[in-house]
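Asks: Okay, here's the structure, questions in a sec.
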Amino acid sequence: MRARVQICALPRGISLTIGIVGTGLIGASIGMGLKAKGHHVLGYDLSTENTDIALRRYAIDEAVSIEVASKADVVFVAVPPAATVAVLDQVYASRAPETLVTDTASIKADVATWGQDKEWFVASHPMAGHEKGGPKFASNWLFRGAKWIICPGAAPTSLMAKLESVLKELDAIPVRLSASEHDRTAAILSHLPHVLSGLLLETGAQLESTEASGGSWKDLTRVGGVDPELWTQILLGNRTAVASVLGGYVARLGELQSMIERSDKQGIEKWLKEMAKLKGKQK
C-alpha cells in the first residue's frame, strides 16, 4: 500500500518557491500577489513577450524553463483550458518529489479525470478575472475577496490545506466543490453572464449609437469583449453544463416575453418581487 502524503498547512512567515506556468493575466496576478507576500516566483511562458512583461511588472523574479518552474514548492499551471492537461502532464513529470501542482482552468471535468490518481495534484479555479487578458492587466489584488474553487481528488486533506493557505495569502476565499459541481456553478455564475453580455452587445448593434446608455448597460456588457479563442475553448469545453443552463434560461425568457405580450401586470410584478428577494439573499 502506498504511503499517504502528509503535509500540514503552511506556517506563517514561511517563504516558498512558486512556479507559474503561463504568465498571462491569471498567472501574472498570482505571481504579483505571492511576491508581495515574500515568496520567490519563477515564471515560464511559451511567449517571451509575456515573461518579459511579467518581469518588468514584478510578477515574477526569474524567467525559467518549464522544467525548472515545475520543481518549485507550489506550481500553478495557468494556461488556456484546451492546453491544460497536456501542460499538466509535462509539469507533473518534471516536478520535484514534494512539489504541489495545481491549475487554474475554468473547466474541471477533464482536469479532474487526469488527476484522479495523482496525490500531489489539486484541481482548482479562481472565480476572478478581467475582460482584458495578458500580464499587462495583471494585479496583485485580482483575487481579493474572490472565491477560489478547489476540487478534491487523490490529494490528501493536508495537501489541500497547504494550497488553501497559499490562496489565502492572495486574499482569496477557498471553496471545495466536486468537479461536476464546479462546472455547473461556473456555467451559471461565469459562462452564462459572458454569453448574455455578448448577446446584449449584439442587440445594441441595432442602434446607430449607444452613447445614451446608462450604468446598467455598461455593467452588463463589461465582459462582452473577451478573448474569442479562449472563450470558444471555455464554452465548448463546458458545453454540456452551458447548454443545459442556456436551455433553462431560454425557456424562462420565453415565459417572461409571454407575460409582457399579454400585459400580465400581476405576473410581472410577482416576478420582480421574487427577484428582489433573491437579490436580497445574495452575499
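Asks: May I ask you to list the residues in the stretch 120-143 that are of a type in the set (A, V, I, L, M) and either at pLDDT 95 or above or not assigned by TED's automatic domain parsing to the domain that holds LYS162 (or both)? Spell out the reasoning first.
Replies: Restricting attention to the stretch 120-143, the residues satisfying the condition of being of a type in the set (A, V, I, L, M) are 122-123, 127-128, 138, 142.
Across the stretch 120-143, the qualifying residues are VAL122, ALA123, ALA138, LEU142.
Asks: Could you grab the pairs with beta carbons closer than 6 Å, sequence gap of 6+ or different chains, first residue in the stretch 187-209 and closer than 11 Å to THR221 by Cβ, second one of a type in the set (Ser, Thr, Tyr)?
Replies: Final answer for the pair search is SER197/THR221; LEU200/THR221; LEU201/THR221; GLY204/THR210.
Asks: State whether one or more residues within the stretch 199-213 are farther than 30 Å from CYS151 by Cβ, outside any helix (DSSP H, G or I), outside the structural domain of ILE107 (by TED's automatic domain parsing) and under 30 Å from the mean Cα position of the chain (by Cα).
Replies: yes
Asks: Further, regarding this structure: Considering every residue within the stretch 231-247, establish whether at least one is of a type outside the set (Asp, Glu), outside any helix (DSSP H, G or I), within 30 Å of ALA83 (Cβ to Cβ) and in contact (Cβ under 8 Å) with a residue 12 or more places away in the chain.
Replies: At the first step, the residues of the stretch 231-247 found to be of a type outside the set (Asp, Glu) are 231-247.
Subsequent filtering for residues that are outside any helix (DSSP H, G or I) retains 238.
Right, trim to within 30 Å of ALA83 (Cβ to Cβ) and you get 238.
Next cut, in contact (Cβ under 8 Å) with a residue 12 or more places away in the chain only: 238.
Yes: the stretch 231-247 contains one or more residues that are of a type outside the set (Asp, Glu), outside any helix (DSSP H, G or I), within 30 Å of ALA83 (Cβ to Cβ) and in contact (Cβ under 8 Å) with a residue 12 or more places away in the chain.
Asks: Could you list, in sequence order, the residues of the stretch 91-123 that are touching a Cys at 6+ places or on another chain (Cβ under 7 Å) and among the hydroxyl-bearing types (Ser, Thr, Tyr)?
Replies: Those that are touching a Cys at 6+ places or on another chain (Cβ under 7 Å) and among the hydroxyl-bearing types (Ser, Thr, Tyr): none in the stretch 91-123.
Asks: Do you know which residues across the stretch 52-87 are hydroxyl-bearing (Ser, Thr, Tyr) and free of Cβ contacts under 8 Å to residues at least 40 places away in the same chain? Let's see the steps before the verdict.
Replies: Step one: of the stretch 52-87, the residues hydroxyl-bearing (Ser, Thr, Tyr) are 58, 65, 70, 84.
Those that are hydroxyl-bearing (Ser, Thr, Tyr) and free of Cβ contacts under 8 Å to residues at least 40 places away in the same chain: TYR58, SER65, THR84.
Asks: Which of the helices (runs of 4 or more DSSP H) found entirely inside the stretch 36-112 contain at least 3 residues meeting this: buried (at least 17 other Cβ atoms within 10 Å of the Cβ)?
Replies: 48-56, 81-94
Asks: I would also like to ask the following. Given the options LEU163, LEU159, LEU170, name the one that is within 15 Å of the chain's Cα centre (by Cα), in the same structural domain as ASP103 (by TED's automatic domain parsing) and closer than 30 Å to GLU98 by Cβ. So that I can check it myself, show each step before the final result.
Replies: Values: LEU163 fails: within 15 Å of the chain's Cα centre (by Cα); LEU159 fails: within 15 Å of the chain's Cα centre (by Cα).
Criteria check complete, one pass: LEU170.
Matching residues to (1) closer than 23 Å to ALA123 by Cβ; (2) crowded, with 18+ Cβ neighbours inside 10 Å; (3) at pLDDT 95 or above:
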position: ILE173; (1), (2), (3): yes, no, yes
position: GLN206; (1), (2), (3): no, no, no
position: ALA212; (1), (2), (3): no, no, no
position: SER216; (1), (2), (3): no, no, no
position: ASP227; (1), (2), (3): yes, no, no
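Asks: Counting only residues that are touching an Asp or Glu at 6+ places or on another chain (Cβ under 8 Å) and of a type outside the set (S, T, N, Q), which one in the stretch 229-263 is surrounded by the fewest Cβ atoms within 10 Å (Cβ to Cβ)?
Replies: ALA241
Asks: Given the residues TRP120, TRP141, which is the only one that is touching a residue at least 40 places away in the same chain (Cβ under 8 Å), on the phi < 0 side of the Ramachandran plot and surrounded by fewer than 17 Cβ atoms within 10 Å (Cβ to Cβ)? Give the steps one after another, and end with the answer.
Replies: On the way: TRP120 fails: surrounded by fewer than 17 Cβ atoms within 10 Å (Cβ to Cβ).
That would be TRP141, the only listed residue that is touching a residue at least 40 places away in the same chain (Cβ under 8 Å), on the phi < 0 side of the Ramachandran plot and surrounded by fewer than 17 Cβ atoms within 10 Å (Cβ to Cβ).
Asks: Considering only residues that are modelled with pLDDT under 95 and under 12 Å from GLY22 (Cβ atoms), which ones fall in the stretch 81-101?
Replies: Hit for the stretch 81-101 is PRO81, nothing else.
Asks: Still on this model: For the stretch 102-112, give me each residue that is modelled with pLDDT of 95 or more and among the hydroxyl-bearing types (Ser, Thr, Tyr).
Replies: Once the filter is applied, which keeps residues that are modelled with pLDDT of 95 or more and among the hydroxyl-bearing types (Ser, Thr, Tyr), the stretch 102-112 yields THR102, THR104.
The values are calculated or read from the model by the stated rules, or taken from the named source; none is laboratory data. It should be emphasised that the depicted structure is a prediction, and the values quoted were computed from it without experimental measurement. With ideal geometry, Cβ positions are generated from the backbone for all residues, glycine too; neighbour counts draw on all protein chains shown.
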